[in-house]
Amino acid sequence: MHKILFIILFLLISSLTYAEASNSQQPSDLPLNKIKLPPGFLIQVWATIPDAKSLAIGKQGTVFVSSKATGSIYAISQSDSKEKQIRIIANGLKSPSGIAYYDGALYVTALNRIFRFDQIENNLDHINEPITIYENLPKESFHSTRYMALGPDNLLYITIGAPCDACEADPMQYALIARINPNGNNFEIYAQGVRNSLGLDWHPQTNQLWFSDIGRDWMGEDIPPDELNQATAQGLHFGFPYCHANNILDPKFGAKRGCNKSQPPIAELEPHVSPQGIKFYSGRMFPPQYHDQLFIAEHGSWNRRSPVGFRLQHFQIEKNQLVKKEIFAEGWFIDQKAWGRPTDLLVMPDGALLVSDDLAGVIYRISYQDNK
């Protein structure tokens with residue numbers, strides 16, 4: 001009975017849609033001229049979405065966006081005339097964050113549930129009844145933002161953060177990356193000891209999983225580093241809450257396990273940059289040095305006296321090793337104040353890079369044109 005009432009309420013609320021003309025006009029209060037990019041690159045506001053978080057794209061080119069603060073999922077479609085139509089395809093959800101597209105369906109995490117919307121792009125104006133495929137994710141609100149992505153094995157990978165800043169929570173429920181069949185069967189743990197990952201992607205040559213991980217707070221301004229990790233196989237433990245980064249023991253829990261049983265990160269990032277979306281660049285619009293290389297959206301610190309992050313980093317990877325890293329885009333933090341926070345990344349069919357920003361409430365499009 002409760003499930004029927006939930007579905008009825010969900011459908012009534014989800015029936016809300018709205019259309020919006022082209023978002024090519026940049027909001028006048030966003031200082032995009034402050035964003036520094038390498039020569040030849042251009043950043044523009046592509047769409048305006050409140051609290052824009054995770055991004056996914058459908059087979060027909062529809063871009064889906066989760067908005068945790070509003071409890072909504074948005075769909076952005078674009079006609080041949082480049083005019084965009086923005087629809088709210090689901091509303092009234094509790095903490096919607098992770099989204100993924102597979103085989104005509106859109107998958108959405110909403111706190112403890114995973115929903116599936118079948119034939120989504122063919123029914124944007126009349127959304128099909130959502131199908132709940134799984135409802136046993138944790139209900140805790142601490143680190144309730146989840147990231148979801150479709151792996152090369154056609155399984156859905158979901159991040160589940162720790163229910164605390166640092167604690168020994170049930171390792172079978174928290175601080176992990178799980179995966180599940182799109183039909184909701186065979187939920188299993190893929191990696192453990194992952195404090196709070198909000199970005200997943202797979203290396204284009206090896207198909208191995210890479211992910212960001214946000215380090216714990218209150219150990220100091222300069223420790224522990226945030227992390228970029230690689231899972232070469234299922235069953236690895238990445239340290240939390242006992243070991244941080246390469247070999248930093250947790251002051252409370254470190255003596256219980258040490259660091260020698262933990263998988264070290266591929267790269268240590270600056271402490272408290274809050275890395276979120278990561279993406280191997282699969283397009284060909286950008287110059288060759290960016291092809292199949294990694295971008296990371298650093299959301300930025302929230303409690304550091306000298307805030308860091310608020311930028312995009314570019315990582316050059318060779319043979320699964322970090323060769324070089326450099327700042328690709330910065331300028332969202334000016335005069336000790338953030339006006340934007342890069343959150344997730346999406347490579348478009350034309351090779352442009354979309355960047356969501358949950359503080360400014362927009363999605364940027366970064367493009368490249370060789371002016372030589």
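The values are calculated or read from the model by the stated rules, or taken from the named source; none is laboratory data. Predicted, not measured: the structure shown is a model, and the values here were computed from it. A quick note on method: Cβ atoms are made from the backbone with ideal geometry, for glycine too, and the neighbour counts reach across all protein chains shown. Surface areas here come from the heavy atoms of the whole protein model, side chains and all, with no ligands, DNA or RNA. Shrake-Rupley method; radii C 1.70, N 1.55, O 1.52, S 1.80 Å.
Side notes on the structure shown:
- Build a GNM of the chain with springs between Cα atoms under 10 Å apart, and of Ser95, Ser306, Ser282 the one that fluctuates most is Ser306.
- Total charge dipole magnitude, the range 117-273, about the Cα centre, Cβ charges on Lys, Arg, Asp, Glu only, Debye to nearest 20: 620 debye
- When only the Cβ of Lys, Arg, Asp and Glu is charged (+1, +1, -1, -1), the dipole of the chain relative to its Cα centre reaches about 200 debye.
- Heavy-atom accessible area order for Asp125, Asp170, largest first, 1.4 Å probe: Asp125, Asp170
- A simple spin-label model places pseudo-atoms 7 Å from Cα toward Cβ; at Asn122 and Asp335 they are separated by 5.4 nm.
- For the pair Met172 and Asn154, the difference between a 0.36 nm per residue extended length and the Cα-Cα distance amounts to 4.2 nm.
- Summed over the residues of the range 202-332 and divided among them, the accessible surface reaches 42 Å² per residue at a probe radius of 1.4 Å.
- Restriction of the trypsin sites (Lys or Arg not before Pro) in the range 54-123 to DSSP coil positions whose beta-carbon has at most 15 other beta-carbons within 10 angstrom yields Lys59, Lys82, Lys94.
- Using a probe of 1.4 Å, the accessible surface attributed to Phe310 totals some 10 Å² when neighbouring protein chains are kept in position.
- Ligands, DNA and RNA left out, the 1.4 Å accessible surface of the chain is 48% carbon and sulfur atoms.
- Sparse-neighbourhood loop sites, trypsin sites (Lys or Arg not before Pro) in the range 167-217 - DSSP loop, at most 10 other Cβ within 10 angstrom: none
- Entry note, the chain: the mean residue ellipticity at 222 nm calculated from DSSP H runs of n ≥ 4, each adding -39500 (n - 2.57), is -1000 deg cm²/dmol after division by the residues and rounding to the nearest 500.
- Answer label, with mean projected area of the Cα convex hull in nm² calculated from the coordinates and candidates [x] 32.8; [y] 22.9; [z] 18.5: [z]
- Compared with the direct C-alpha span, the chain from Lys252 to Glu326 gains 23.2 nm at full extension, assuming 0.36 nm per residue.
- Gaussian network model of the chain, Cα within-10 Å springs - most flexible of Phe117, Phe211, Phe41: Phe41
- Just checking the listed ones, Asp213, Asp250, Asp335: in the Gaussian network model of the chain with Cα springs under 10 Å, the one fluctuating most is Asp335.
- Cα gyration tensor category, rounded, prolate or oblate, for the range 167-238 with a/c compared to 1.5: oblate
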